[in-house]
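Read through the structure below, which is laid out as structure tokens, and then see the notes.
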Amino acid sequence: MKSLQCVLFDVDGTLADTERDGHRVAFNMAFEAADMSRVWDVSTYGALLAVTGGKERIRQDVVNGGMPAMDDDQIAELHAAKTKFYQQLIADGAIPLRPGVMRLLEECYAAGITLGISTTTTPAALDALIHHVMGAEWFDRFAVLAAGDIVPAKKPAPDIYNYALEQLAVDPQRTLAVEDSANGLQSAKAAGLSCLVTVNGYTRNHHFDDADLLLSDLGEPDSDGVAVLADPHHLEPFHHVDLALLQRMVSR
Ligand code: XBP
Ligand code: MG
């Protein structure tokens, strides 16, 4: 029987609901600071989330005709400004962690499970979340912070998961990914991982046919149980996600 060795967490939408009230707002602040009239409203931004990566997302909006033509340097400059605004929003406490995230991380860490991050987000944005929301001790508790342009192809490509797996030298069959989006799920599965998906407002209508477990959130012991949206491996019944459930997901 396989035992759980490692859990790799996505960041945006998984650890925290950062997109609508964090990244989106920061993009709009950067557009305004650059005297651009473009505003990404909630639904426009939802459609643009099909493209992972902030710079890539701006480039897509240029292609869509939403913004004037920009070269890569201009996009990088605009995105750097966005990252600064995002860091400030996070520092100001705009975004809490999702239910169950810290509880599950603490439980896994205490049990000696290797923990890592595999995200499309810019490292500076991830650092802000760890420093201001999770606690600086998590810089050491995560064995790898795989983020942003460290790999050439962002999710749904498997590169960022493959990078983390290589860095950690862990067994993919004993590693579980936690994701929130179809792009993230596709990335994790292409790297050969089991994947738990917790949906959010932007992703609940994505296609998650490959998910090994599809839930509303990780849940907490003292609140209502999680909503189970798909349980293809018949792991129910459970009330919330704990280490024992993650263990069962890889030992099937
Ligand atoms: C997250 C993203 C990110 C953020 C913005 O995808 O696509 O691009 O929206 O981040 P995932 P940056 O959760 O699948 O990793 O602006 O820092 O790129
Ligand atoms: Mg995500």
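The values are calculated or read from the model by the stated rules, or taken from the named source; none is laboratory data. Values in this document were obtained by computation on a predicted structure and should not be read as measured data. Backbone-built Cβ (ideal geometry, glycine too); neighbour counts: all protein chains shown.
One table, with the values for the structure above:
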read-out	value
Complete set of residues in region 20-56 that are without any contact (Cβ under 8 Å) to a residue 12 or more places away in the chain and closer than 19 Å to THR121 by Cα	ALA47, VAL51
ALA157 vs. criteria free of Cβ contacts under 8 Å to residues at least 40 places away in the same chain, closer than 18 Å to GLU56 by Cβ and in a loop (DSSP other than H, G, I, E, B)	yes
Residue list for region 95-140, filter: closer than 26 Å to GLN186 by Cα and within 12 Å of ligand 1 (Cβ to nearest atom)	ILE117, SER118, THR119, THR120, THR121, THR122, PRO123, ALA124, ALA125, LEU126, ASP127, LEU129
Test result for ASP10, surrounded by 14 or more Cβ atoms within 10 Å (Cβ to Cβ), within 9 Å of ligand 1 (Cβ to nearest atom) and not small (Gly, Ala, Ser)	yes
Subset tally (residues that are under 27 Å from GLN186 (Cβ atoms) and surrounded by fewer than 14 Cβ atoms within 10 Å (Cβ to Cβ)) for region 24-64	7
Qualifying residue in region 16-29 (condition: within 16 Å of ligand 2 (Cβ to nearest atom), β-branched (Val, Ile, Thr) and not in a loop (DSSP other than H, G, I, E, B))	yes
Flag if ALA47 is within 12 Å of ligand 1 (Cβ to nearest atom), at pLDDT 95 or above and part of a helix (DSSP H, G or I)	no
